[in-house]
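Below: the structure, in structure tokens.
Please treat every number below as a calculation from the coordinates, not as lab data. Treat the numbers as computed from the prediction; the structure is a model and nothing was measured. For neighbour counting, all protein chains shown are included, and Cβ atoms are generated from backbone atoms with ideal geometry for every residue, glycine included.
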Amino acid sequence: MAKKFDIKRFPGFLAITCLCLFLLYTPLLVVMVYSFNDSNSITNWGGLSLRWYEEVFFGVEAPKFKKAAFNSLTIALCAATTATTIALCAAVAILRAGRFRGQGLSFGLINLPLMVPEIVTAVATLIFFSAIGFKAGYATILIAHIVFCIPFAYLPIAARMQGIEGSYEQAAQDLYATRWEAFRLVLLPLMMPGIISGFLLAFIISLDDFIITNFVKGAGIETLPTAIFGSVKQGIKPNIMAISTLLLLVSASFVTLSWFINRKGGENSS
Amino acid sequence: MSQTPTDIAVDVQNVTKRYGTTAALANLTLQIRDNEFFTLLGPSGCGKTTLLRSIAGFENISEGTISLFGESLAGLPPNKRPINTVFQHYALFPHMSVTDNVLFGLLRQRVPDADARKRVGEVLDMVQLSALAERMPSQLSGGQQQRVALARALAPRPRVLLLDEPLSALDLKLRQEVRIELQQIQYNTGITFIFVTHDQEEAITMSDRIAVISEGELQQVGAPRDIYESPSNRFVADFIGETNLIDVTVNSVNGDTAMCTLADGTAIQCKSAGDATTGAGHLSVRPERLTLTASDTGDLSGTVKRLTYLGTDMRITIELNDGTTLTARMQNTDDTTLPDRGDRVGLQIEPGAARLLTD
Ligand SMILES: Nc1ncnc2c1ncn2[C@@H]1O[C@H](COP(=O)(O)OP(=O)(O)O)[C@@H](O)[C@H]1O
Ligand SMILES: [Mg+2]
């Protein structure tokens, strides 16, 4: 027998791992640390302070960022809810309605947007809205977000549904449940971890989107990413680091939440 | 409205189920009586699950009709049929406690909550699970899950209970205990059980009647004893228990008896299945009904090839002069004298034990 192949014993494995982690996380760490910097400079350390957080919430740019944050959060909430609902319906139809022609095609079509470069989607969406004469603004951002969030919501939902055998719903129907009751009382609760994951993923993706939003938003409305970008164009100020840190916090808590929910769901159905 | 006698619980008439071009059930006709423990027996892939699912309403049959107490089930969805199923892998709802699992069917039938809970208590008592009522399915052993599945299916008092190989996931000792309990529960509740298994021993020890199925076709229906002692064809004789098949020439058939000659010319009278004809045929003789005698006496003679010790008895493999091998069984008592390997022996077929079969 040959010696067991173990990637962990490759020469330089530890060094490469450390390098990757360093490149991935140092910029984030720098941003987080410097958001607490008591100095106008973004590179010189001037002591610990919360002044840039104060600036974010109460400074001159505060109203702009608050408006943008409100837009971002409401759009993310609406887009994630709608996209999750659509993705759930699609998953039920594709995975639970029995075999039909074009089943594989439907799956491909739903997931294709993940492979299309975002800039292409952005241009196409913009052209589409102007072709039908839709006025750019909050509604165009929301519609665009709903659309590109669907595949992100669909993936965890479909993965979860594929793991649930059809026999549970059949057992429910055998026990006098209508198809709707079998869905509501059995399939839906079992699907919950997937649905929540899908929702959270869609929410984060929407909250974070810049390219498409920037194309379809029109003048006079900003989301947090476009507002940050606009602000950075005039030079990076430490308050941007504070906003970025806050955004990171929101993202991280969502991902953690999603992880815990999935773990709990996994325990229940084993 | 129907005039059909209601002591027939499930009436399966000429049912065919095709998947594409292959027929999982081929023109199957069966009548299952009220209150009986009925078993569908056959090798894996013969269509047992398909028949069960057709009765439960999960498969649309291609041809034929299935009726429940005289009323056709055609077009009724599973939730409108007073039939419950114990699924092969139980399919307990993983997000519900034992109690909620058992309550499920009762609540869907709009049984008032208090009555439903009382009934849950009853059935959990029946399957001896009252102590575990608040557990989740994942906290139960395989045997306990099997009981929950049974309790859940019994709770709504179905007219017919379908059980798809419910014991196959249990270990041998547990399986034997549960067999007796299942029989007892069937007897006490009076519910018609349709039990599916590929295990002939299980079928023989538990059932009132057995239907033997092969490749979607019905081979024989009858009480375990009929099936074992009077198999209607070669498949049934081979599938149920152990048997010896001996090539013979059939000289005459007269009702259910026939005269045949063995390869060495010995004439023998035997019982025959209904459709026997003269010409070539097979005799089926169970090993325990072959007796060893001194060489040159008896109906057949051969050489002892192998002796296998089985505890309560001994299995002896004998090769006949024409090369056919037969097995005989002898009780292990103090005064049996066992032959040795290589000994020439005679074989006596017990009167009435040989049965003429068609293929
Ligand atoms: N959904 C299906 N599609 C195609 N063939 C099937 C399907 N279900 C069962 N079959 C076929 O029908 C036959 C009977 O299957 P089944 O009823 O499950 O057998 P058993 O329960 O006796 O083992 C098998 O040959 C099986 O391959
Ligand atoms: Mg089966």
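How big is the gap, in Å, between the Cα center of the range A:57-85 and the Cα center of the range A:5-35?
33
Pop a pseudo-label 7 angstrom from the Cα along the beta-carbon direction at both A:PHE58 and A:SER253 and give the gap in nm to one decimal.
Going from the A:PHE58 label point to the A:SER253 one covers 2.1 nm.
For the range B:47-147, state the semi-axes of the equivalent ellipsoid (square roots of 5 times the eigenvalues of the alpha-carbon gyration tensor), sorted largest first and rounded to whole angstrom.
They are 29, 17, 11 Å, listed largest first.
Semi-axes of the equivalent ellipsoid for the range B:237-359, please: Cα gyration tensor eigenvalues, times 5, square-rooted, ordered largest first, whole Å.
26, 15, 12
Give the range of the longest stretch in chain A that excludes all chymotrypsin sites (Phe, Trp or Tyr not before Pro) found in loop regions by DSSP and having at most 14 other beta-carbon atoms within 10 Å.
After excluding every exposed loop site, the longest remaining stretch is A:135-270.
Kirkwood hydrodynamic radius (Cα pairs, Å) of the range A:1-92?
18.3
Amide H of B:SER301 versus every other amide H placed in the peptide plane: which residues, excluding those fewer than 5 positions away on the same chain, fall under 5 Å?
Under 5 Å from the amide H of B:SER301 lie the amide H atoms of B:ASN321, B:LEU347, each far enough along the sequence or on another chain.
Taking only the C-alpha atoms, wrap a convex hull around the range B:267-336 and report its volume per residue in Å³ as a whole number.
123
Would you kindly calculate the translational diffusion coefficient of the range B:69-122, applying Stokes-Einstein with the Kirkwood radius from alpha carbon pairs, for 20 °C and a viscosity of 1.002 mPa s, and quote it in µm² s⁻¹ without decimals?
Approximately 165 µm²/s, per Stokes-Einstein.
In chain A, which longest range has no trypsin sites (Lys or Arg not before Pro) that are both DSSP loop (not H, G, I, E or B) and surrounded by at most 14 other Cβ atoms within 10 Å?
The longest uninterrupted stretch comes out as A:136-270.
Measuring from label point to label point, each 7 Å out along Cα→Cβ, what is the B:ALA267 to A:ALA97 span in nm?
In this crude label model, B:ALA267 to A:ALA97 measures out at 7.4 nm.
For the range A:51-157, what Kirkwood radius comes out of the mean inverse Cα-Cα distance, in Å?
16.2
Mind listing the phi-derived Karplus ³J(HN,Hα) values for the range B:81-86, rounded to whole Hz, using 6.51, -1.76 and 1.60 with θ = phi - 60°, and x for any glycine or proline?
9, x, 10, 10, 10, 9
Suppose R0 equals 60 Å. What FRET efficiency, 1/(1 + (r/R0)^6) with r the Cβ-Cβ distance, do B:THR257 and A:LEU188 give to the nearest 0.05?
Calculated value: 0.35.
Cα-based count: Lys pairs in chain A below 21 Å, eight or more positions apart or different chains?
Step by step, the pairs that qualify in chain A add up to 12.
Using the Karplus curve 6.51 cos²θ - 1.76 cosθ + 1.60 with θ = phi - 60°, what ³J(HN,Hα) values do you get for each residue of the range B:251-258, in whole Hz, with x for Gly and Pro?
8, 8, 10, 9, x, 9, 10, 9
What average number of partner chain Cβ atoms lie no more than 10 Å from the Cβ of the residues making up B:83-94?
Across the residues of B:83-94, the mean count of other-chain Cβ atoms within 10 Å is 5.
Which percent of Cα-Cα pairs in the protein assembly as shown sits in each 20 Å bin, short to long?
15, 31, 27, 17, 8, 2
What value in Å³ per residue do you get for the convex hull of the alpha-carbon atoms in the range B:89-239?
Looking at the range B:89-239, the number lands at 123 Å³ per residue.
Once every Cα of chain B carries one equal point scatterer and solvent is ignored, give the base-10 log of I(q)/I(0) from the Debye formula at q = 0.12, 0.13, 0.15 Å⁻¹, two decimals.
-0.94, -1.03, -1.21
Which Rg and Dmax, in Å, describe the Cα atoms of chain A?
In order Rg, Dmax, the Cα atoms of chain A give 22.9, 71 Å.
Taking every pair of alpha-carbon atoms in the range B:1-105, what share in percent sits in each 5 Å bin, from 0 to the bin with the longest distance?
Bin by bin from 0 Å, the calculated values are 2, 10, 19, 22, 19, 13, 9, 5, 1.
Under 15 Å from a label point 7 Å along Cα→Cβ of A:LEU73: give me every residue in the range A:197-239 with its amide N that close.
Within reach of a label on A:LEU73: A:204, A:207-208, A:223-225.
Give, as ranges by residue number, the residues of the range B:10-49 whose backbone N falls under 19 Å from the point 7 Å along Cα→Cβ of B:SER72.
B:10-18, B:27-32
Semi-axes of the equivalent ellipsoid of the range B:173-286: what are they in whole Å, largest first, if each equals the square root of 5 times a C-alpha gyration tensor eigenvalue?
Output for the range B:173-286: semi-axes of 35, 14, 12 Å.
When Cβ neighbours within 10 Å are restricted to other protein chains, what is their mean count per residue of peptide A:163-171?
Mean partner shielding for this stretch: 5.
Could you work out how far helix A:13-34 tilts from the main Cα principal axis of chain A, as a 0 to 90 degree angle to the nearest 10?
Approximately 60 degrees, to the nearest ten.
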